[in-house]
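The values are calculated or read from the model by the stated rules, or taken from the named source; none is laboratory data. Remember, predicted model here, so these are calculated numbers, not experimental data. Backbone-built Cβ (ideal geometry, glycine too); neighbour counts: all protein chains shown.
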Amino acid sequence: MQKTILHLDLDTFFVSVERLINSELKNKPLLVGGLSDRGVVAACSYETRGYGVHSGMPMKMAKELCPEAVAIKGNAGTYSNYSDMVTEIIKEQVPLFEKSSIDEFYADLTGMDRFFGCYKYASELRQRILKETGLPISFGLSVNKVVSKVATNEAKPNNQLKIDYGLEKPFLAPLSIKKIPMVGDKTYQMLSNLGLRQVRTIQEMPIDVMQRVLGKNGRIIWKRANGIDHTPVVPFCERKSISTERTFDKDTIDVVKLRGILIAMTENLAYQLRRGEKLTACIAVKIRYSDFNTYSKQMRIPYTSADHILIPKILELFKTLYNRRLLVRLVGIRFSHLVSGNYQINLFDDTEEILNLYHAMDHIRKRYGDKSVIRASAMGARTIGRMQNPFDGRPPIVLAHRKQ
Ligand SMILES: [Mg+2]
């Protein structure tokens, strides 16, 4: 059966939220990010882009390029709340949807045409989000995720676009190959050097040639250029958590040891998040006492993947949870409400040094293994399980369940 897939994307999300809170910022060039000397731009308004400003660059440089821009320190908590508001509206209106990042959603509307027109339904959903949250949002509607995402980007800002069945190829043909999701700067440079700049050129060449140039990715890019994509919409709850726990051979009451283990677990799961380019918005700690009574406590937090934010919160949960002076048999932690995203969300308090530190640590781990760099406070828990990439599309997993 032919599918109907909707892609929704909030326009310049952080910037829009700041303008909602303070309407004086409307139409002014705006930078959101860390304001310290070594801060980084997390988001910038359309007005600043003409000056060569882009997210990820040092704030100092952005201010030099665009001196009239207003710079604001972002707030991950505020953005998480607005993201939740939009999620709730979509959840009410659409049975099957995927939250793919803090400001992006896919919904499978297949079959709804029998009752409503899908385009009409999507338009009304968009209007409702606009009206209830005040946030500009755009959508694309087509037979698959890739074409819908490209359509959303063509519709922006604050607009919508439908690609009728059968018109995927002609829609994509005149666009730059840069617009194909997964063609990053490096791939673009390479294809561009070969004289490939327009999607049409890829459409007209045999798939095998693309494979020869780019390997497996070449096949995927060729298919995308031709509007072919079968990836399903993954329901929001599925595979949206990762967890790890430890059962002790000998029950313990050693709080220093327990904290060390929790820190090691957090450090490791946070690394898994970053490796999969994910963020969590809900954390939980579990304790089983020697009498087998099990307690757990969870907490909503602003989206993050940074250990230095997660560790204090995990320890705080543990402190409120561990209130019986009893031996402990098991501890565990879980991160849920996962969405795609990267460091960007944590750029407000962080300096380039901290970001570079994470990049360097993760780089070393990728090369020499998960245990190659760890926090001193987690050293006592050297045997926390280290594992394969958990974000390969499989359902929720318990990452490690190892006896000590
Ligand atoms: Mg967006």
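Tabulated data for the structure shown
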| item | result |
| --- | --- |
| Options Tyr106, Tyr51, Tyr82: the member that is more than 14 Å from the ligand (Cβ to nearest atom) and among the aromatic types (Phe, Trp, Tyr) | Tyr51 |
| Output for region 1-24, where each listed residue is crowded, with 16+ Cβ neighbours inside 10 Å and more than 16 Å from the ligand (Cβ to nearest atom) | Lys3, Thr4, Ile5 |
| Yes/no for Ser101 being within 16 Å of the ligand (Cβ to nearest atom) and either more than 16 Å from Thr12 (Cβ to Cβ) or without any contact (Cβ under 8 Å) to a residue 12 or more places away in the chain (or both) | no |
| Selection count, region 25-47, where residues are within 16 Å of the ligand (Cβ to nearest atom) and either among the polar types (S, T, N, Q) or modelled with pLDDT of 95 or more (or both) | 2 |
| Qualifying position, being surrounded by fewer than 17 Cβ atoms within 10 Å (Cβ to Cβ) and in contact (Cβ under 8 Å) with a residue 12 or more places away in the chain, among Lys313, Lys286 | Lys313 |
| Verdict on Val94 being crowded, with 18+ Cβ neighbours inside 10 Å, closer than 23 Å to Thr4 by Cα and in contact with a Lys or Arg (Cβ under 6 Å, 6 or more places away or on another chain) | no |
| Residue under evaluation Leu191, criteria (1) more than 30 Å from Tyr79 (Cβ to Cβ); (2) out of contact with any Gly (no Cβ under 9 Å at 6 or more places or on another chain); (3) touching a residue at least 40 places away in the same chain (Cβ under 8 Å); (4) not polar (S, T, N, Q), criterion not met | (3) |
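Here's the yes/no breakdown for (1) among the hydroxyl-bearing types (Ser, Thr, Tyr); (2) surrounded by 18 or more Cβ atoms within 10 Å (Cβ to Cβ); (3) at pLDDT 95 or above; (4) part of a loop (DSSP other than H, G, I, E, B):
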residue	(1), (2), (3), (4)
Ile90	no, yes, yes, no
Ser100	yes, yes, no, no
Ser123	yes, no, yes, no
Lys131	no, no, yes, no
Gly140	no, yes, yes, no
Lys149	no, yes, yes, no
Pro157	no, no, no, yes
Tyr165	yes, no, no, yes
